[in-house]
Amino acid sequence: MTTIETTHTTNGVIGQRLLRKEDPALLTGEARYTNDLQIPGALHLAVLRSPYAHAKILRVDLSRALEMPGVRAAYSGADLADLWAAPMPCAWPVTDDMKNPVHYPLATSTACYVGDGVACVLAETDAIARDALEAIEVDYEPLRAVVGLEDALSDEVVIHPDLGTNKSYTWNLLVEETEGAVEAAFASATYTVAERYVQQRLLPMAMETRAVAAVPQPFGGDITLYSSTQVPHILKVMTAITLGIPEHQVRVVAPAVGGGFGSKLNVYAEELLCVALSRKIGLPVRWNEERSENSMATIHGRGQIQNIELAADAEGKLTAVRVRLLADMGAYLQLVTPGIPILGAFLYAGVYHIPKAYDFSCTAAFTNLTPTDAYRGAGRPEATYAIERAMDALAREVGVDPLEIRRRNFIPTEAYPYEAFSGLTYDSGDHDLAATKAAEMIDYDGLRARQAEVNVPGSTKRLGIGVSTYFEMCGLAPSRVLASLNYGAGGWEAATVRVLPTNKVQVVTGTSPHGQGHETSWSMIVADKLGVDPADVHVLHSDTAISPLGLDTYGSRSLPVGGVAVAMACDKVIDKAKQIAAHQLEAAVEDLTFEDGSFSVQGSPDRALPLAAIAFAAFTAHNLPDGLEPNLEAQVSYDPPNFSWPFGTHMCAVEVDLETGKVDLITYVAVDDCGVQINPLIVDGQVHGGVVQGIAQALYEEAVYDVDGNLTTSTLAEYLVPAASDVPSIITGHTVTPSPTNQLGVKGVGEAGTIGAAPAVINAVVDALKEFGVTDVPMPASPLTVWNTLNNARANHSSGGTS
């Protein structure tokens with residue numbers, strides 16, 4: 001592993017809790033989202049969606065819709081078949097034999113999930129377009145729907161007959177020191193545990209639903225696509241490929257984006273429809289998603305059945321891990337659907353040292369449900385949930401405290417950089433320090449003592465304490481590693497830093513923020529590097545015409561890849577400026593130092609030039625060294641040498657009402673280590689949001705389908721999202737273990753809270769009910785679920801069985 005010395009700050013900007021630059025526009029309503037854009041002459045797109053989870057499309061009659069006033073056009077899937085140069089893209093074929101059904105923006109012969117588009121209307125207003133959908137007549141032949149994930153593998157009903165099976169792929173990772181090491185470890189283990197967990201489907205539920213607008217140029221064929229997307233650069237490439245448009249004629253702009261959480265990391269049918277129809281009719285076309293439509297037409301997250309087994313010696317130290325995963329792809333493969341389970345494949349051993357005895361296998365299957373894809377954490381929360389729940393099960397078997405079983409298995413700090421069983425190198429870590437800090441902050445020993453006092457017969461409440469430790473591999477790089485995983489893109493990021501003649505600084509970044517605070521953080525990096533005021537740095541992003549190079553924002557990659565690229569571009573600016581300063585000061589380049597925004601000659605501090613003077617000199621070009629280009633700017637494309645590996649420990653206390661099953665979250669402590677923090681205020685905000693989403697999975701959220709494949713939780717009246725009043729004040733703490741693989745020493749943090757939260761909460765709920773023989777409570781742990789689990793355990797316990 002390449003080790004890079006962490007750069008010392010020049011003026012102390014890094015590490016300050018500066019208020020975000022982005023917030024005034026958001027708070028005053030000045031921010032403009034896609035649906036706010038005024039686009040004269042635009043037609044409104046509405047999509048007719050299948051009411052059946054699985055049905056043949058026998059006839060589509062558009063005649064009545066076309067007769068309605070204000071309707072300008074209507075199309076079936078067959079009508080648009082000649083507009084597509086390629087099917088909708090899947091960029092991650094995880095195995096060479098992976099089965100990927102052909103998928104177009106509108107279905108032509110078979111609808112494969114409730115919400116699958118079968119026809120569309122263009123009209124003068126959104127209301128007219130949606131009303132016209134009711135006039136379209138479609139004859140369906142309903143087919144039996146495949147809803148259960150385990151049922152899908154029986155192939156009694158094959159969703160895509162041309163594939164011959166509902167299985168998309170099986171992906172294996174078997175790492176053994178010697179052949180048969182896993183079996184031998186389990187055979188000789190003093191303790192073994194075998195657990196089964198279900199990762200329920202989740203709706204990402206971004207505050208802003210998706211919106212799209214395609215605006216063609218009057219001549220020449222150029223088109224601008226506005227979309228509430230996380231990935232404008234990727235969307236540009238995929239739009240060009242899918243529609244057969246020269247890439248240089250496509251511009252993608254992501255205006256203000258009201259949350260994404262992975263759900264806007266995609267190429268959606270409506271984006272392609274807007275572009276294709278706009279080019280077809282020569283007018284702008286726009287579409288805005290309704291909330292109930294969002295629940296069906298936007299990807300879902302999670303959707304897995306996990307079987308995990310641990311083997312341990314007499315001390316409770318892990319000797320082997322075995323995982324069998326069943327992953328729900330939904331009806332089709334979206335952009336990175338098949339790769340999501342694989343992102344977690346390396347993390348089912350968590351932060352624990354194990355020998356080379358690791359057996360992971362994932363089988364992915366199609367169902368007649370909305371496609372799944374990336375949702376905050378994307379594979380990493382699922383893996384952490386499994387290993388952290390299983391570690392509690394191991395603690396019960398060994399007869400020790402859950403925190404103690406973890407301490408016995410932590411990768412020792414002195415082992416870093418740690419060559420893991422998988423061949424990956426974990427960059428840095430101090431897991432015992434994070435766990436100790438979390439235990440002190442929540443008063444772990446005091447809570448255990450209190451638990452012994454209050455959890456007594458006759459009381460209707462039970463106190464539970466939950467622990468979760470986690471690792472996250474983020475940054476989604478380097479590109480060569482991604483190639484080995486069959487990922488269809490690279491892991492690099494681009495940045496340009498430009499010092500203007502007046503010493504103001506422009507930064508052009510390939511990352512595409514939607515709440516992460518890049519404008520603030522990138523300004524702080526530049527200010528720290530160049531010795532300027534953060535207010536004098538302007539960050540440009542999310543427009544492929546302004547920022548033509550980039551791979552966008554997802555997977556906690558922005559800072560450890562994009563932010564480091566900004567820092568490297570600053571270094572190149574300083575190097576160039578130093579040449580100009582040396583020339584004008586008549587000194588050798590190596591004799592100059594740069595500090596607090598000024599170049600000076602070592603030993604002669606009176607011989608100095610500020611960066612402002614150099615920037616203007618570079619602009620006028622009156623007195624530059626021979627061969628040096630005018631202007632002061634630099635561009636960097638940075639491909640990291642390794643993933644970044646943030647980690648942490650989360651702990652919480654819950655109170656469970658035995659009479660109602662209601663879970664009250666009393667205290668939550670999150671200690672996270674994301675390396676050097678550029679802005680601790682932003683870090684805390686990211687952790688808070690992530691924790692709430694993890695709590696939501698543990699206690700509230702689930703996308704529920706009936707036996708016919710109908711989503712019964714399509715609105716916020718049925719799909720429970722926690723309110724602020726449902727969540728206690730989240731107490732955050734941090735340790736700082738710089739990454740040795742980048743000059744800033746930074747790691748990602750955007751998904752950390754989500755990764756650590758769900759297992760901490762469920763472990764606490766199970767801990768509260770352990771006296772009744774409860775060893776598992778399915779997510780979400782709603783009052784009804786907890787009540788049923790408790791009563792089943794009581795009945796089972798009284799009959800002499802085990803839960």
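Here are some notes:
- ³J(HN,Hα), Karplus 6.51/-1.76/1.60, whole Hz, each residue of segment 280-288, x for Gly, Pro: 5, 9, x, 10, x, 10, 10, 8, 10
- Between segment 293-333 and segment 352-430, the Cα center-to-center distance that results, in Å: 11
- If you take the Cα centroid of segment 562-627 and the Cα centroid of segment 452-484, the two points sit 49 Å apart.
- Rough spin-label spacing in nm, given labels placed 7 Å along Cα→Cβ, for LEU26 and THR178: 5.7
- Between VAL777 and any residue 5 or more places off or on another chain, the built amide H atoms are never under 5 Å apart.
- Cβ-based charge dipole, the chain, positive-most Cα from PRO740, TYR113, ILE223: ILE223
- Sorted peptide list for 368-380, 203-215, criterion being average Cβ within 10 angstrom, highest first: 368-380, 203-215
- 222 nm mean residue ellipticity, helices alone, for the chain (DSSP H n ≥ 4; -39,500 (n - 2.57); rounded to 500): -8500 deg cm²/dmol
- For segment 276-376, share of DSSP beta bridges that run antiparallel, in % to the nearest 5: 45
- Model label zone, SER361; criterion: amide N under 18 Å from point 7 Å along Cα-to-beta-carbon; scope segment 299-327: 305-311, 320-327
- Counting only residues at least eight positions apart within a chain, or on another chain, the lysines with an alpha carbon under 16 Å from that of LYS572 are LYS529.
- Note on segment 182-235 and segment 28-104: Cα centroid distance 20 Å, given to the nearest whole angstrom.
- Based on the convex hull around the alpha carbon atoms, segment 116-225 presents an average projected area of 16.0 nm².
- Three semi-axes describe the equivalent ellipsoid of segment 429-499; taken as square roots of 5 times the Cα gyration tensor eigenvalues and ordered largest first, they are 47, 17, 12 Å.
- Spin-label model distance (nm) - THR108 vs GLU124, 7 Å beyond Cα toward Cβ: 3.4
- Computed over segment 305-381, the range of Cα coordinates on each principal axis works out to 46, 20, 16 Å, biggest value leading.
- As a length-normalised measure over Cα pairs under 8 Å and 6 or more apart, the relative contact order of the chain settles at 16 percent.
- Measuring nothing but protein heavy atoms, the accessible surface of the chain at 1.4 Å probe radius is 52 percent carbon and sulfur.
- Debye, to nearest 20: dipole size of the chain, +1 on Lys, Arg Cβ, -1 on Asp, Glu Cβ: 540
- Placing a pseudo-label 7 Å from each Cα along the Cα-to-Cβ vector at ASP97 and GLU590 gives an inter-label distance of 6.1 nm.
- Here PHE599 sits with roughly 0 square angstrom of accessible surface, probe radius 1.4 Å.
- Beta bridges by DSSP in segment 647-803, antiparallel share as percent, to the nearest 5: 70
- Its Cα gyration tensor gives segment 30-143 an equivalent ellipsoid; the semi-axes, largest first and in whole Å, are 27, 22, 12.
- The chain - Debye-derived log10 I(q)/I(0), Cα point model, q = 0.05, 0.09, 0.10 Å⁻¹: -0.28, -0.89, -1.08
- DSSP beta bridges confined to the chain are antiparallel in about 80 percent of cases.
- Stokes-Einstein diffusion coefficient of segment 654-803, Kirkwood radius over Cα pairs, 4 °C, 1.567 mPa s, in µm²/s: 75
- Sorting GLU141, GLU293 by accessible area puts them as GLU141, GLU293; the probe is 1.4 Å, largest comes first, and only protein heavy atoms count.
- Accessible area per residue for the chain, computed on protein heavy atoms with a 1.4 Å probe, is 36 Å².
- Two-site FRET efficiency, ASP706 against GLN451, from Cβ-Cβ distance with R₀ of 51 Å, rounded to 0.05: 0.80
- Based on the convex hull around the alpha carbon atoms, segment 390-472 presents an average projected area of 6.9 nm².
The values are calculated or read from the model by the stated rules, or taken from the named source; none is laboratory data. Please read all numbers here as calculations on a predicted model, not as lab measurements. All Cβ positions, even for glycine, are placed from backbone atoms using ideal geometry, and neighbour counts span all protein chains on display. Surface accessibility is based on the protein's heavy atoms, side chains included, excluding ligands, DNA and RNA. Shrake-Rupley method; radii C 1.70, N 1.55, O 1.52, S 1.80 Å.
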